[in-house]
Every structure is written in C-alpha cells, then in structure tokens.
Amino acid sequence: MATLDDRLDGAKVVAVAERLQHARQVVVMTGAGISAESGIPTFREAQTGLWARYRAEDLATPEAFERDPETVWRWYAWRRELVAKAAPNAGHHALVRIASLVPQLTLVTQNVDGLHQQAGSVDVIELHGSLSATICSRTRRPIDDDHLANATDLPPRSPHHREGLARPGVVWFGESLPTHALDAAMRATTSCDVFMSIGTSGLVEPAASFGRLAAERDACIVEINPAATPLTTAADYWIAAPAGEILPAIVDALRPSET
Ligand code: BV8
C-alpha cells in the first residue's frame, strides 16, 4: 500500500496546508463522500437490501411521497437507523481541527446526517435540511418526537393539519433550498480565498454552483475526492484520495496559526 509520502498527494497536502495557513476566509463544501468512511452509503451508490431496487433520486421527491408516503417514510426510517449507528470519521474530526487553525472557516454541507455537528463542527450550514427533523407535509411546521413515538400510522399523521402527514425535514428534488442557508453559503463563498470541495460529485444544483462561483472569483479551489467531478478542471489542487485519510494529513501539515 503506497504511503502518502510515496504519492503525489503528499506534496499537495503540504501545498494545501500552506494555502490554509495564509487564508483569511475558508469555505468547506461537503457531500455524501465525507460520510462514506462512517459507513453511510453515498447518494449515488447502489442502495442495499430492500432498497436495492430503488434510486435515491426517485425516492427523495415530493411526487414519490405523494404517490407512496409509506415507502418514502420507511426509506428515511432506514436511513435514520444507518445514521444512528454511524459515528463521525477522521475526516469530520479533522475539519473541526482545521477550523481551529484558520482565521475563519464556514462549513456548508449537502449532507443530512448531522455527523459534522456530532464531530463538534458549529454553525454548520445544512443546504438540504436534516434527517433528524420531521415536519408537516402541508404546513412544514416541525413535529416533535413525542408525537411520532405515539403514532401508529406510517407515516404518522400531522398534528398541524387534518390532511397533513409527517415527512422528513429534508429538501427534496424539485423543492427550494432554505433561503437562510443559501444566503449564508453565498455570502461565505463570495468572500472566501480558499474553497474546499470534499466528497461531492458536484451534480446537484444549486449546491454545485458554489464551487464554480468560488473559482470565478479566483479563490484557491481544493477538491478531495477519489473521482473527478465537473469542478476538477477548475481545481488548483485535486487530491484523488479518501477524505478520512487526507484531511488528518492536512491537519498534521498545518502549524497552529500565529494569530
Ligand atoms: C432546486 C436531501 C429550485 C434529500 C438532496 C427538475 C425539476 C426541479 C429541479 C431540477 C430539475 N432538474 C434539475 C433540477 C435541479 C435539482 C438537481 O440538481 N437535480 C440533479 C439530480 C440534476 N435540484 C433541486 O431540485 C434542488 N432544488 O433546484 O430548487 C427549483 C425548484 C423547483 C423547480 C425547479 C427548481 C434541490 C436539491 C436537493 C435534493 N436533496 N438531499 C435526501 O438526502 O434524501 S440531494 C442529495 O444529493 C444529498 O443531499 C447529497 O448529498 C447530494 C449531492 O450528492 P453528493 O453529496 O455529491 O453525493 P454523491 O453520492 O453524488 O457523490 C459522492 C461523492 O463522494 C462521489 O463523487 C464520490 O467519488 C465521493 N467519495 C466517495 N467516498 C469518498 C468520497 N470523497 C471523499 N472521500 C471519500 N471517502
């Protein structure tokens, strides 16, 4: 097994750490890939077991929920169980360390698994909502766990609207992203000097647009992903290796900032 030093990645890790060392504002955009090493299948990997015959994109839509609320509810219950058994990995923890070693780091995630927060990241911008939230399908008002615990229907009926059902508090395809999250991510991206894209295929909009925007504004683009993506051609550094390996190496290469 080649060590990091044997691979070109070693030199890139040092170069990225150098850029971070002198950065003013860093934006980190993560996708499902950063949770892969926590055992959570990425969004576009084939689903397992009962869900193997479904595509995630076909279940994560209002139409799917309208057509078959029980199946969609059960899919999210299955994902919640996966997340409940998962723990943040070395990549999540390394991002917490990097945030303490640079003047300002804004973490924007497409993930709904809450693992960044579990690792200790704060003020995480969740572009696509959270698996841990449940809302009313008609009013979008939050539904608390006590109400769900006593429910017998699948999905539970909503306490907020007579025709409402409980649904996950995530953003489905075809639904708009939360304005506050979009605005915060846009503000950080337009003023950052380093933009790190970690573990995302860059296929889902508008999340994928932030990397392009940062590149247009001449920020230093760092991509950590074993596979190339539409952002790779604009990246100043593309490290084609797992985030759980590279991010701790970047922490090791970073000297605690003088400030
Ligand atoms: C919107 C929450 C305005 C749910 C998610 C037609 C009608 C309506 C909209 C559209 C349309 N056509 C296109 C659109 C836009 C659409 C879109 O982008 N579609 C795509 C498929 C083309 N976007 C939307 O609908 C968005 N809303 O546009 O609103 C609007 C409104 C109405 C009408 C028109 C426009 C809403 C998008 C949000 C969808 N919800 N999640 C849930 O989770 O169930 S998105 C979902 O994909 C997840 O959040 C996931 O995070 C995200 C992105 O995927 P990735 O994170 O990148 O994951 P992926 O599996 O793809 O890739 C993983 C990567 O990790 C890989 O590259 C792999 O190589 C890498 N990797 C693997 N292991 C590692 C690793 N990297 C590092 N280390 C490792 N160890």
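Here are the numbers for this structure:
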read-out	value
Selected residue (only one of LEU165, LEU127, LEU203 is within 18 Å of THR106 (Cα to Cα) and in contact with a Pro (Cβ under 8 Å, 6 or more places away or on another chain))	LEU127
Neighbours by Cβ (under 9 Å, 6+ apart or cross-chain): first from segment 204-226, under 25 Å from GLY244 (Cα atoms) and of a type in the set (Asp, Glu); second within 12 Å of the ligand (Cβ to nearest atom) and open to solvent by 30 Å² or more (accessible area, probe 1.4 Å)	GLU223/TRP238; GLU223/ALA240
Residues of segment 77-95 classified as surrounded by fewer than 16 Cβ atoms within 10 Å (Cβ to Cβ), in contact (Cβ under 8 Å) with a residue 40 or more places away in the chain and either of a type outside the set (Lys, Arg) or in contact with a Ser or Thr (Cβ under 7 Å, 6 or more places away or on another chain) (or both), total	1
Close pairs from segment 236-259: first buried (at least 21 other Cβ atoms within 10 Å of the Cβ), partner assigned to a helix (DSSP H, G or I) and modelled with pLDDT under 95, Cβ under 6 Å, at least 6 apart	ILE239/ASP9
From the options PRO142, PRO168, residue that is out of contact with any Lys or Arg (no Cβ under 8 Å at 6 or more places or on another chain) and open to solvent by 50 Å² or more (accessible area, probe 1.4 Å)	PRO142
Residue that is surrounded by the most Cβ atoms within 10 Å (Cβ to Cβ) [pool: residues in segment 96-124 that are more than 16 Å from the ligand (Cβ to nearest atom) and assigned to a strand (DSSP E or B)]	LEU105
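The values are calculated or read from the model by the stated rules, or taken from the named source; none is laboratory data. The structure displayed is predicted, hence computed values, not measured ones. Please note: Cβ atoms are built from the backbone with ideal geometry, for glycine as well, and neighbour counts cover all protein chains shown. Please note that ligands, DNA and RNA were not included when accessible areas were found on the heavy atoms of the full protein model with its side chains. Shrake-Rupley method; radii C 1.70, N 1.55, O 1.52, S 1.80 Å.
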